[in-house]
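Novice: Could you have a look at this structure, given as structure tokens, before my questions?
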Amino acid sequence: MRLFLTSITMMLTLSVFGQDIDAQQADTMKTQNLQNITITSRRAGTRRVKGPTNAQLITRDELFKAACCNLGESFTTNPSVDVNYSDAATGAKQIKLLGLSGTYVQMLTENLPNFRGAAAPYALDYVPGPWMNSIQVSKGSSSVRNGYESITGQIDIEYLKPDNDEGLTVNLYGNTMSRLEANADANIHLDDKLSTELLVHYQDDFGHHDVNDDGFLDQPNVRQWNLSNRWKWKGTHYMFHGGFSLVKEKREGGQTHKTAPDTHHLYEIGIETDRYEGYMKHAFILDPEHGTNIALMGNVSMHLQDANYGTKHYSVNQKNAYAQLLFENNFTEQHNLSVGLSLNYDYLSDNDSLSMINYQLKRETTPGAYAQYTYNLNDKIVAMAGVRVDHSSHYGTFVTPRFHLKLTPNEIVSLRLSAGKGYRTVHALAENNNLLASGRNLVIDDLEQEQAWNYGISSSFYIPLFGKTLKLNAEYYHTHFSQQAVVDYDSNPSEIRITNLDGKSYSNTVQIDATYPVVKGLELTAAWRWNDVKCTYGGELMEKPLTSRYKGLVTASYKTPLGLWQVDATLQLNGGGRMPTPVNGLWDNSFQAYEQVSAQITRWFRHFSVYIGGENLTGFRQKQTIIYAAEPFSSTFDPTMVWGPVQGAMFYVGIRINIGRL
């Protein structure tokens, strides 16, 4: 805490000595000189992506509104994406989109599928926030170009580019939960065509916090090293983009020594992860005028993890290789055709000390082909129809159709419709290995390939109001499963079973959001989302447990006229929901609604900026995050009944330094 207060004092002192706008803000300003008049406008941090899909682009301007230490902390101001802890012991997080878990969201890094299988539980921590240039969130069935796995949507992460302006940027961060971070990115232009980039990240959570005195750490102590080297070569008719990265992480959690002085009887959690990735993209531009090009792209990864949950041991070795060859051509301004071939290979070898898996799929090879046609009539009518055919070495041949339509009759309103199918191969234990922290028996059946249809309708309105523009969006999505891997807490109080769906499973989501620039420099966003998510458990159709029925969000962002100061604040209202069927009355049948407030103040200088903020400023936290914490080796011990914040108020301070050319 003393370090934190000292950092605040340094920040306030620094503000006396600088009065220039930070060079980093150049990207957020558009300036046009008209004789003796200068008009300056502020670009939106989140904006709709042109095209038939319902997609939003979250830029660095939006990411800078919060600390954004990693991907999991990048959606604080976003009304569409929820990020929640999966349990109160391991620090695993999951994204929820359209009311469903993140396994139904296809994760991409620069249009390449990534973070599948064993990487899923902790993937949100593997992408440092300062490395990201933007995030694109697409809802509903997406393009068939990226594969068949998108069911509720896609999240595509764009990293900083090697050919960005040359220089070195450093970001330092610390918070009151004893977390320190250091990030650096450097670009070097070797000549007018070749450039390279080095990205470095270090994180250390060194505290041992147990605010609620349940004998368990509120969050695990995490130490992570993350390194990436990226290259880009850009010619007239050929482009290359490639690189490699590695992540080394160690998580330590569980009981504190003050609870159990005998260290031989502590319930400890230890997870060590080594992840290696490599990717490459080749683009051959045949006819720039008609957008005719051939591209070959792919990535490989190896994910090694060794975990201990009390007396349970789990290890996994996952290797993945993906390749895609595509051809694209604009025959005319109205007609576009994209066709391609893809190949995905998965190898996953995992083992657990209790042998809970009834069947284990180790290898799967899936070649596929797709065709996608887009018709564009002066941006008034845009229709995109695609179909792909894939053949799994385990599940056989399956077909994925998808269709998108956008209607824009005038500048005020646009309407989007979508329908499509998605498939997913389940690696149940790898994707849910954090459930091993529970004292319940984890049982996994022989699982089928997941299949689901998604339908959506969304509308956007740009309404002139008092000399400004009110942006209003409304949308509805329906997802229903014909095959699903169901995590069943309800049927048997002594076990968690992952089994095949036997009955109905669906989600309905309605969202309305509006953005309006109230006065110069001040922008407000308000959103409301309602979730109706149900699934069949033990023959009974019930609400999906641990899922909020609704979410409300209000954000305010103000920047002073010269852009020297920026203030951002967010209020979230998270609705209540159903708890899994209580065991011996150890928890309630439902959980309550709760509010969270976060805020940040940023001071911009010529070559650096300093920021100070806080999260969960209401201090609300779930009272009982771990069931039967006093007896962690019993069958009633369970840290997975998490529906709200596991930590109270947290404050942070940071500095971003732009050193310039090396």
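The values are calculated or read from the model by the stated rules, or taken from the named source; none is laboratory data. Note that the coordinates shown come from a computational prediction; the quantities given were computed from them, not determined experimentally. Don't worry about glycine lacking a Cβ; one is built from the backbone with ideal geometry, like all the others, and counts go over all protein chains shown. Please note that ligands, DNA and RNA were not included when accessible areas were found on the heavy atoms of the full protein model with its side chains. Shrake-Rupley method; radii C 1.70, N 1.55, O 1.52, S 1.80 Å.
Novice: Starting from residues that are open to solvent by 60 Å² or more (accessible area, probe 1.4 Å) and at pLDDT below 95, keep the ones in the range 359-379 and report whichever is farthest from the chain's Cα centre (by Cα).
Specialist: If we take residues in the range 359-379 being open to solvent by 60 Å² or more (accessible area, probe 1.4 Å) and at pLDDT below 95, then Asn378 is farthest from the chain's Cα centre (by Cα).
Novice: Taking the condition touching a Leu at 6+ places or on another chain (Cβ under 8 Å), surrounded by 16 or more Cβ atoms within 10 Å (Cβ to Cβ) and under 18 Å from Pro113 (Cβ atoms), does Asn293 pass?
Specialist: Against the criterion (touching a Leu at 6+ places or on another chain (Cβ under 8 Å), surrounded by 16 or more Cβ atoms within 10 Å (Cβ to Cβ) and under 18 Å from Pro113 (Cβ atoms)), Asn293 does not qualify.
Novice: For Val519, only one of the following conditions fails: (1) surrounded by fewer than 18 Cβ atoms within 10 Å (Cβ to Cβ); (2) β-branched (Val, Ile, Thr); (3) touching a residue at least 12 places away in the same chain (Cβ under 8 Å). What is its number?
Specialist: Exception for Val519: condition (3).
Novice: Can you name the number of the only condition in (1) open to solvent by 10 Å² or more (accessible area, probe 1.4 Å); (2) basic (Lys, Arg); (3) over 30 Å from Glu333 (Cβ atoms) that Lys234 fails?
Specialist: (3)
Novice: Consider only pairs whose beta carbons are under 6 Å apart and that are at least six residues apart or on different chains; among these, list those whose first residue lies in the range 449-469 and is farther than 30 Å from Thr499 by Cβ and whose second residue is among the β-branched types (Val, Ile, Thr).
Specialist: Pairs that qualify, where the first residue is farther than 30 Å from Thr499 by Cβ and the partner is among the β-branched types (Val, Ile, Thr), are Phe461/Val413; Tyr462/Ile412; Tyr462/Thr469.
Novice: Please state which of the following conditions Tyr652 fails to meet, knowing it meets all the rest: (1) open to solvent by 20 Å² or more (accessible area, probe 1.4 Å); (2) aromatic (Phe, Trp, Tyr); (3) in contact (Cβ under 8 Å) with a residue 60 or more places away in the chain; (4) in contact with a strand residue (DSSP E or B) (Cβ under 6 Å, 6 or more places away or on another chain).
Specialist: Only one criterion is unmet by Tyr652, namely (1).
Novice: Please work out which residue is nearest to Val653 (Cα to Cα), limiting yourself to the range 164-183 and to residues that are part of a strand (DSSP E or B) and open to solvent by 30 Å² or more (accessible area, probe 1.4 Å).
Specialist: Of everything passing the filter in the range 164-183, Leu172 is nearest to Val653 (Cα to Cα).
Novice: When you go through (1) modelled with pLDDT of 95 or more; (2) assigned to a strand (DSSP E or B) one by one for Asp502, which number turns out not to apply?
Specialist: (2) is the only condition that Asp502 fails.
Novice: Kindly list the number of the only condition in (1) under 28 Å from Ala182 (Cα atoms); (2) touching a residue at least 40 places away in the same chain (Cβ under 8 Å); (3) open to solvent by 50 Å² or more (accessible area, probe 1.4 Å) that fails for Ala630.
Specialist: (1)
Novice: Do you know which of the residues in the range 248-279 that are farther than 18 Å from Asn432 by Cα and among the hydrophobic types (A, V, I, L, M, F, W, C) is modelled with the highest pLDDT?
Specialist: Leu266
Novice: I'd like to check something: does the range 416-426 contain any residue that is open to solvent by less than 10 Å² (accessible area, probe 1.4 Å) and part of a loop (DSSP other than H, G, I, E, B)?
Specialist: yes
Novice: With respect to Tyr537, is the statement that it is among the aromatic types (Phe, Trp, Tyr), open to solvent by 30 Å² or more (accessible area, probe 1.4 Å) and touching a residue at least 24 places away in the same chain (Cβ under 8 Å) true?
Specialist: Taking the combined requirement at face value, the residue does not satisfy it.
Novice: Going through Ser228, Ser245, Ser195 one at a time, which residue ends up being modelled with pLDDT of 95 or more, crowded, with 20+ Cβ neighbours inside 10 Å and touching a Leu at 6+ places or on another chain (Cβ under 6 Å)?
Specialist: Within the list Ser228, Ser245, Ser195, the selection yields Ser228.
Novice: Residues of the range 551-565 being without any contact (Cβ under 8 Å) to a residue 40 or more places away in the chain and out of contact with any Leu (no Cβ under 6 Å at 6 or more places or on another chain), which ones?
Specialist: So the first thing to find is which residues in the range 551-565 are without any contact (Cβ under 8 Å) to a residue 40 or more places away in the chain, and the list is 552, 554, 556, 558, 560, 565.
Scanning the range 551-565 gives Thr560, Trp565.
Novice: To continue, here is another question. So Gln56 passes all but one of these: (1) closer than 26 Å to Lys559 by Cβ; (2) surrounded by 23 or more Cβ atoms within 10 Å (Cβ to Cβ); (3) modelled with pLDDT of 90 or more. Which condition number does it fail?
Specialist: (2)
Novice: Separate question: Among the acidic types (Asp, Glu) and over 20 Å from the mean Cα position of the chain (by Cα) - does that describe any residue in the range 215-222?
Specialist: yes
Novice: Which one of Gln596, Gln624, Gln566, Gln572 is over 22 Å from the mean Cα position of the chain (by Cα), among the polar types (S, T, N, Q) and under 21 Å from Asn84 (Cβ atoms)?
Specialist: Of Gln596, Gln624, Gln566, Gln572, the one residue that is over 22 Å from the mean Cα position of the chain (by Cα), among the polar types (S, T, N, Q) and under 21 Å from Asn84 (Cβ atoms) is Gln624.
Quick grid of which residues meet (1) open to solvent by less than 40 Å² (accessible area, probe 1.4 Å); (2) of a type in the set (S, T, N, Q):
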residue: Tyr276; (1), (2): no, no
residue: Met280; (1), (2): no, no
residue: Asn299; (1), (2): yes, yes
residue: Leu304; (1), (2): no, no
residue: Ser315; (1), (2): yes, yes
residue: Lys319; (1), (2): no, no
residue: Phe331; (1), (2): no, no
residue: Asn336; (1), (2): yes, yes
residue: Asp346; (1), (2): yes, no
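Novice: Inside the range 548-569, can you point out the residues that are hydroxyl-bearing (Ser, Thr, Tyr) and open to solvent by 10 Å² or more (accessible area, probe 1.4 Å)?
Specialist: Hits for the range 548-569 are Ser548, Tyr550, Thr555, Tyr558, Thr560.
Novice: Okay, next question. Read through the list (1) over 23 Å from the mean Cα position of the chain (by Cα); (2) closer than 26 Å to Thr256 by Cα; (3) touching a residue at least 40 places away in the same chain (Cβ under 8 Å), then give the number of the only condition that Phe591 fails.
Specialist: (2)
Novice: Would it be correct to say that Leu472 is modelled with pLDDT of 95 or more and either in contact with a strand residue (DSSP E or B) (Cβ under 6 Å, 6 or more places away or on another chain) or part of a strand (DSSP E or B) (or both)?
Specialist: yes
Novice: Just for the range 198-217: of the residues that are open to solvent by 50 Å² or more (accessible area, probe 1.4 Å) and free of Cβ contacts under 8 Å to residues at least 40 places away in the same chain, which one is farthest from Ala89 (Cα to Cα)? Step through it out loud before you land on a result.
Specialist: Here is the first cut: in the range 198-217, the ones open to solvent by 50 Å² or more (accessible area, probe 1.4 Å) are 198, 200, 202, 206, 208, 211, 213.
With free of Cβ contacts under 8 Å to residues at least 40 places away in the same chain added as a condition, the list becomes 198, 200, 202, 206, 213.
On the way: Leu198: 33, Val200: 28, Tyr202: 22, Phe206: 16, Asp213: 14 Å.
The residue in question is Leu198.
Novice: Can I ask one more? If Glu543 meets every condition in (1) surrounded by fewer than 19 Cβ atoms within 10 Å (Cβ to Cβ); (2) closer than 23 Å to Thr77 by Cα; (3) charged (D, E, K, R); (4) modelled with pLDDT of 95 or more apart from one, which number is that one?
Specialist: The failed condition is (2).
Novice: Output the residues belonging to the range 427-454 that are open to solvent by 10 Å² or more (accessible area, probe 1.4 Å) and assigned to a strand (DSSP E or B).
Specialist: If the condition is that a residue be open to solvent by 10 Å² or more (accessible area, probe 1.4 Å) and assigned to a strand (DSSP E or B), then Asn441, Val443, Gln451, Trp453 are the ones that fit.
Novice: Can you name the residue in the range 149-163 that is open to solvent by 20 Å² or more (accessible area, probe 1.4 Å) and in a loop (DSSP other than H, G, I, E, B) and, of all such residues, is nearest to Ala385 (Cα to Cα)?
Specialist: Per the criteria, the residue is Glu149.
Novice: Taking the condition of being open to solvent by 20 Å² or more (accessible area, probe 1.4 Å) and either closer than 20 Å to Met297 by Cα or part of a loop (DSSP other than H, G, I, E, B) (or both), how many residues in the range 130-142 meet it?
Specialist: Qualifying residue count, the range 130-142: 1.
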